[in-house]
Amino acid sequence: MWNRVFRSPFAWAGVVVLGIVAAFGLYWFQPWKLVTDSRVDDALPVAPVTASPAPDASGATPASAGSDPPASNQLLAAGIFITHEHTTTGRAEIIRQADGRHLLVLHDLDTSNGPDLRVWLTDQPVVAGTAGWRLFDDGKWFEVARLKGNRGNQVYELPRSFDPADFRSVSIWCKRFAVSFGAAELQAT
């Protein structure tokens with residue numbers, strides 16, 4: 001019986017179409033990433049939490065943080081990741097280095113692996129639940145880089161033109177499906 005079926009050109013055309021659909025599905029969804037992890041352990045910069053400068057005896061406050069680079073690294077903003085499409089935990093920080101450059105630091109990130117994951121900084125608020133899954137591409141966003149790994153500590157250097165005041169959240173963004181795996185609201189420290 002099978003001998004007769006595979007003599008038909010329609011059967012071979014069906015096999016070819018099925019093979020193409022299966023190959024495309026594997027490429028698009030990358031299901032093996034659901035059971036694989038990629039761990040990254042970048043060296044984390046030290047950034048002490050500093051209080052706002054106190055006025056001196058004359059009542060004047062020292063120069064603002066925007067005038068000169070600090071003498072050491074400075075934690076500018078931080079937030080805890082919440083879950084969106086996939087369970088996500090960890091902490092995000094924006095650090096200003098002594099030389100004036102900025103870093104985005106992800107501490108103990110733990111999320112699902114997925115196709116085409118990116119790290120985005122956005123001007124959107126973090127909204128819990130399914131309502132927050134797709135809103136990060138609605139406003140201003142900046143793609144920092146491809147996500148280095150779905151677990152561990154990661155450090156990303158931001159461009160010199162970066163202004164932390166322009167962004168209020170970090171998202172682990174699946175570019176292929178336009179959905180947030182998880183996000184952290186950045187609060188000034």
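The values are calculated or read from the model by the stated rules, or taken from the named source; none is laboratory data. Bear in mind that the values here come from a model prediction, so they are computed numbers and not experimental data. No Cβ is skipped: glycine too gets one built from the backbone with ideal geometry, and neighbour counts run over all protein chains shown. Just so you know, the surface numbers come from the protein's heavy atoms only, side chains and all, with ligands and any DNA or RNA stripped out. Shrake-Rupley method; radii C 1.70, N 1.55, O 1.52, S 1.80 Å.
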*Does any residue of the stretch 20-37 turn out to be open to solvent by 90 Å² or more (accessible area, probe 1.4 Å), at negative phi, part of a helix (DSSP H, G or I) and modelled with pLDDT of 75 or more?*
yes
*asked:* For the stretch 88-97, which positions are assigned to a loop (DSSP other than H, G, I, E, B) and open to solvent by 20 Å² or more (accessible area, probe 1.4 Å)?
replied: GLN97
*Quick check: anything in the stretch 175-188 more than 30 Å from THR36 (Cβ to Cβ) and outside any strand (DSSP E or B)?*
no
*State which residue is nearest to SER112 (Cα to Cα) when the search covers only the stretch 159-180 and only residues that are open to solvent by 10 Å² or more (accessible area, probe 1.4 Å) and of a type in the set (Phe, Trp, Tyr).*
PHE177
*Using beta carbons and a limit of 8 Å, which pairs, at least six apart or on different chains, have the first residue in the stretch 148-168 and farther than 14 Å from ILE94 by Cβ and the second one of a type in the set (S, T, N, Q) and buried (at least 17 other Cβ atoms within 10 Å of the Cβ)?*
LYS148/GLN154; ASN150/THR111; ASN150/SER112; ASN150/ASN113; ARG151/THR111
*Is it true that some residue in the stretch 71-86 is modelled with pLDDT of 70 or more, open to solvent by 60 Å² or more (accessible area, probe 1.4 Å), in contact with a Cys (Cβ under 9 Å, 6 or more places away or on another chain) and within 27 Å of THR130 (Cα to Cα)?*
yes
*Answer yes if at least one residue in the stretch 171-188 is at pLDDT 95 or above, under 12 Å from the mean Cα position of the chain (by Cα), within 27 Å of ASP41 (Cβ to Cβ) and aromatic (Phe, Trp, Tyr), and no otherwise.*
yes
*Spot the failing condition for TRP133; the list is (1) touching a Ser or Thr at 6+ places or on another chain (Cβ under 6 Å); (2) modelled with pLDDT of 95 or more, and only one is missed.*
(2)
*Output the strands (runs of 3 or more DSSP E) that fall wholly within the stretch 98-158 and possess 1 or more residues being surrounded by 14 or more Cβ atoms within 10 Å (Cβ to Cβ), out of contact with any Asp or Glu (no Cβ under 6 Å at 6 or more places or on another chain) and of a type in the set (S, T, N, Q), or say none.*
117-122
_Test for GLY59: is it among the small types (Gly, Ala, Ser) and modelled with pLDDT under 95_ = yes
